[in-house]
Structure formats: structure tokens, C-alpha cells
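The values are calculated or read from the model by the stated rules, or taken from the named source; none is laboratory data. What you are looking at is a predicted structure, and each value in this text was computed from that prediction instead of being measured. A quick note on method: Cβ atoms are made from the backbone with ideal geometry, for glycine too, and the neighbour counts reach across all protein chains shown.
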Amino acid sequence: MCPFDDRTPNDDAPDDPVVPDRLATFIRSRAMDAPTFPASASESMQAASRRHFNALQRRRRWIVGGPLLAAAVLLMVLLVQPWASVQRATTSQQNNAQAASKPTIHDAFALARRLATDAETTERWDHNDDGRVDHADVDALAMAAVRLEGGA
């Protein structure tokens with residue numbers, strides 16, 4: 001019985017199989033011939049496998065690094081965005097304060113319309129400080145609205 005055979009012996013089977021001489025000679029002749037590879041073929045297979053595994057490693061870096069990069073960019077945007085909105089709010093408050101202090105041509109039209117319809121006017125409409133609200137104030141408002149910065 002063969003030492004590598006894990007089957008239980010069968011009563012009908014012979015204990016030692018008989019191999020024909022021609023088959024035994026053929027098997028022995030083939031067992032002696034070990035396959036050989038040229039060195040260039042071995043080196044080219046090694047180079048191809050290195051290229052393959054290096055490409056896998058680069059892909060793995062992108063698979064892990066890509067989401068990490070996206071998370072870092074998202075974190076930066078989330079951290080910078082509140083700061084930028086505070087800057088925008090401060091700038092808009094400054095612009096609103098400037099707009100409130102500088103009269104516009106619309107203010108002059110609104111005063112002219114109030115005077116034309118005899119609507120009630122208050123002291124805040126008196127822009128030339130003469131103590132009364134009239135068309136001179138409309139002119140003063142219009143001049144202040146179209147005045148250039150730093151000019152006359």
C-alpha cells in the first residue's frame with residue numbers, strides 16, 4: 001500500500017499494484033528532466049510582477065488618500081466659512097452705515113413727492129438747516145446724493 005494513500009484497504013484490491021515496466025521507465029525518465037527557465041524569462045516575470053504590485057500600491061494610496069484629502073478640504077471649508085461670513089457681515093454693516101449717513105437721489109424724490117402732496121414732513125427732512133422743509137431741501141438732498149467722494 002502507498003504511504004500517501006489514506007484509503008482503507010479493500011479486500012478485493014491487491015496489496016501492491018503492479019505498474020507495467022514501460023510505464024515505470026517512462027515516468028522515471030520524465031521525473032529526471034527538471035524544467036529550466038532562461039534567466040531573462042525569470043527576470044522579465046519578476047519585473048512584471050513588481051510593476052503589477054506597485055500599481056496596486058498606488059491605487060491603494062488613492063483609495064485611502066482620496067477620501068482623506070476630500071475630508072481635509074471639507075474641514076477647511078467648514079472652518080473658513082464662518083470666518084468669511086463674519087467678515088461679510090462686518091462689511092455689510094459698514095456699507096449700511098455709510099448708506100444711512102449718505103442721502104440718495106431716492107430721498108430727494110421722496111421729499112419732492114411729499115412736498116407736492118402736502119404730506120407731513122419732520123425736522124429730519126430739513127437738510128439745509130434753515131428751519132423749514134421746502135424745495136431748497138430737495139435741491140440740497142439731490143446735490144448731496146450726486147456729490148463725488150473727495151470732490152466739491
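Brief remarks follow.
- Any hit, the stretch 20-35, residues being outside any helix (DSSP H, G or I) and at pLDDT 85 or above: yes
- Boolean, Val77 is modelled with pLDDT of 80 or more, of a type in the set (A, V, I, L, M) and either touching a Leu at 6+ places or on another chain (Cβ under 9 Å) or part of a loop (DSSP other than H, G, I, E, B) (or both): no
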